[in-house]
Amino acid sequence: MTLFRESVYRRFDDVDWERWTPRERATLLFVLQNGYILLIHKKRGIGAGKVNGPGGRIDDGESPRAAAVREVREELRVTPVGIQEAGVLRFQFTDGHSILCHVFTASGCDGEPVETDEATPLWMRTDAIPFDHMWEDDRIWMPLLLAGQRFSGCALFHGERMVGHAIGPVDAVRGG
């Protein structure tokens, strides 16, 4: 029998975002090209079954940008080009897990995305992004990403349900 023990974070305001420290660092990278965005149907790990961008954990000694490129290569067998920083997100989960996520965009990619054991590629029109199949916070910051506006924020999740957030353009977010 596995025992589940929740952390002390039950409400967004329970988190001291000023002193917050992540257990894990990760990346997301979205290729934006000709009105389309390259998404994935994630097959394993956190968010398996959801639509997201390619990405994953940052290895020790690896920069966020290098990790983002490596993860896209591993998940879709393409190399992103024209990479730009887009935002930083902090995720706290009520079970105690926490992730600092560096978000990037790319203007294209070398190669044609292919399905791997980690992900199925999905080219979607930017006006038809399937938010109902994504993490709840995506519908808040994705419009900023698509507009080329840098963003920052933090969100508290209970499982896959967002229970609070402060996400917006850089310099406009409390705790961001």
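Along its principal axes, the stretch 23-115 has C-alpha extents of 39, 28, 23 angstrom, given from the largest down. Highest average first, the peptides 129-138, 92-101, 26-35 ordered by how many other beta carbon atoms sit within 10 Å of their residues are 26-35, 92-101, 129-138.
Let me know the whole percent of all Cα-Cα pairs from the stretch 89-176 that are separated by more than 18 Å. Numbers along the way, then the final one.
Working: 2044 of 3828 pairs.
Tail of the P(r) past 18 Å holds 53 percent of the pairs.
How do the peptides 160-168, 48-56, 14-22 rank, highest first, by the average count of neighbouring beta carbon atoms within 10 Å per residue?
Result, highest mean first: 48-56, 160-168, 14-22.
With both residues required to sit in the chain, DSSP beta bridges show an antiparallel share near 70%.
For the chain, the alpha-carbon coordinates run over 46, 43, 35 Å along the three principal axes, in decreasing order. Extents of the stretch 16-63, taken as max minus min of Cα coordinates on every principal axis and listed largest first, are 40, 26, 23 Å. Distance between the C-alpha centres of the stretch 117-139 and the stretch 86-101: 19 Å, rounded to the whole angstrom.
With θ taken as phi - 60° and the Karplus curve 6.51 cos²θ - 1.76 cosθ + 1.60 applied, the whole-hertz 3J(HN,Hα) list for the stretch 148-159 is x, 9, 5, 9, 8, x, 9, 8, 10, 10, 10, x Hz, x standing for glycine and proline. Residue-wise HN-Hα couplings along the stretch 81-96, as the Karplus relation 6.51 cos²θ - 1.76 cosθ + 1.60 with θ = phi - 60° gives them from phi, are 10, x, 6, 9, 5, 10, x, 9, 10, 10, 10, 10, 10, 5, 7, x Hz; Gly and Pro carry x.
Values quoted throughout were computed directly from the atomic coordinates according to the rules given, and no laboratory measurement underlies them. Bear in mind the structure is a predicted one, so any value in this text is a computation, not a measurement. Virtual Cβ from ideal backbone geometry, glycine too; neighbours counted across all protein chains shown.
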